[in-house]
Amino acid sequence: MAYITLNQSKLKHNYNKLDALFQEKKIHWAVVGKLLCGDETFLREVLALNPQQICDSRVSNLRMIKQIDPTVETIYIKPAPNGSIEEIIEYADISFNTELETIKLLSEEAKRQNIVHKIVIMVELGELREGVLREELIDFYSQVFELPNIDIIGLGTNLTCMYGVLPNNDKLIQLTLFRDLLELKFKKRIPYLSGGASVTLPLILNDTIPTAINHFRIGETLFMGTNAYDNVAYPDFEQNIFMLHAEIIELYEKPMMPEGEIGLKMTGEKVELAPEWENSVNYRAIIDLGLLDIEEDHITPINAKQQFVGSSSDMMVMDLGDNPENLKVGDTISFHMSYMGILRIMNSNYVDKRVIGRE
């Protein structure tokens, strides 16, 4: 069967690099674990690194995290659905918020559970995803400030995820100024300025980040070893922590040109037949992976000479040329994956998850 591997030693290397950087800069940071889709096997590997905080956007994943390690501080990082309020109070120590009525519900539930729930108010700085509008922030804060069982511990912002608006010193200075204004007006300290994610790391490395920004949420650089700002690999970080492996379930030398009347394929597209396919043959491998699990665009064979021919819901066909590696049925073909590819494959119940590289 197809399976995905997590290399524990590579993951630990990246974690230690990030932790050392943030300790040097006196910045708190949280692991963003949503890529793991709540998988217990891989979550245990992350929690074994002893992160102080771990973030997720699914309350079911936070439940799994708390079952593994009740002591780790958990953060729910998207506006809460009303139907999940009870579980968010139970399994999230902190939540990111933008809606006053939702925070009122969190307040009521926190009071019922006899818990003081901590929140970070997200501020809209131009990405136009989640965030309170800047001109409404003071009034918004004043209403939340009065709610029982709610402790406002930070302001935060999200950039890049939807339109690709990049973080810079000017935008993060705005977040700092809003924090200063609120602290002055309401006479209450706001300890966290959660200024960004992996895409903001280059601002730390080139010393252009405001010194008041003291909290980060990191997922992509930890798990991919990449600079999300420029979409390139960091040379001192490990890449390919996750790898995908699929078993060959059929392998024959076949003609390249299909035979018969050609209509639309399963995905609704019409295949353009190349003239050079006529009278040509190659080795074609069917692997036990399909569009139900992942799209071709998000995976790349380690062997660049192996190419995709086509895919259906449960199978993919690959062109092996003249099969110089002498692959056979039962062998595996391995793939690199994009961040979105890992996210998709981790959400598949049909792909096994395995840990390798334990020290």
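We did not get these values from a lab; they are worked out from the coordinates using the rules stated. Fair warning: this is a prediction, and the values are worked out from it, not measured in the lab. So basically every Cβ, Gly included, is an ideal-geometry build from the backbone, and we count neighbours across all protein chains shown.
What does the charge count near Glu99 come to, summing +1 for each Lys or Arg and -1 for each Asp or Glu among other residues with Cβ under 13 Å from its Cβ?
Values: positive: Lys78, Lys104; negative: Glu101, Glu124, Glu130, Glu136.
For residues surrounding Glu99, the net value is -2.
Segment 1-48 and segment 303-349 have Cα centres spaced 26 Å apart. Taking a ≥ b ≥ c as the square roots of the eigenvalues of the Cα gyration tensor, an a/c ratio of 1.5 or more together with a/b no larger than b/c marks segment 1-86 as oblate.
Positive-end ranking of Tyr350, Leu327, Ile75 along the dipole of the chain, with charges on Cβ about the Cα centre, is headed by Ile75. Coordinate range of the alpha-carbon atoms in the chain per principal axis, descending: 80, 41, 38 Å. Distances between every pair of Cα atoms in segment 105-185, grouped in 10 Å steps from 0 to the bin holding the largest one, split as 17, 45, 28, 10, 0 percent. Relative to the longest principal axis of the Cα atoms of the chain, helix 8-25 runs at roughly 30 degrees.
For the chain, what is the percent of antiparallel DSSP beta bridges, rounded to the nearest 5?
Values: 28 of 61 bridges.
Looking only at bridges with both residues in the chain, the antiparallel portion is about 45 percent.
For the residue pairs Lys34/Lys305; Lys66/Lys118; Lys34/Lys78; Lys66/Lys188; Lys111/Lys185; Lys78/Lys188, the alpha carbons lie more than 21 Å apart in Lys34/Lys305; Lys66/Lys188; Lys111/Lys185; Lys78/Lys188.
Viscosity 1.567 mPa s, temperature 4 °C: what is the translational diffusion coefficient of segment 170-266 from Stokes-Einstein with a Kirkwood Rh over Cα pairs, rounded to a whole number of µm²/s? Mind dumping the intermediate values first?
Working: Rh = 18.1 Å.
D = 71 µm²/s.
Tell me which GluC sites (Glu not before Pro) from segment 83-151 have a DSSP coil assignment and no more than 12 other beta carbons within 10 Å of their own. Answer by residue number: Glu146. Relative contact order, whole percent, for segment 32-112 stands at 24, derived from Cα pairs under 8 Å and 6 or more residues apart.
Divide by every residue of the chain the summed helix terms, -39500 (n - 2.57) for each DSSP H run of at least 4, and state the resulting mean residue ellipticity at 222 nm, rounded to the nearest 500 deg cm²/dmol. Please report the intermediate quantities before stating the final value.
Working: 10 runs with 101 residues, N = 359.
Dividing the helical sum by the residues of the chain leaves -8500 deg cm²/dmol.
Below 8 Å, C-alpha to C-alpha, sequence gap of six or more: please give me the relative contact order for the chain in percent. Before the final figure, lay out each step's value.
Details: 700 pairs, mean separation 70.4, N = 359.
With pairs under 8 Å counted, the relative contact order is 20 percent.
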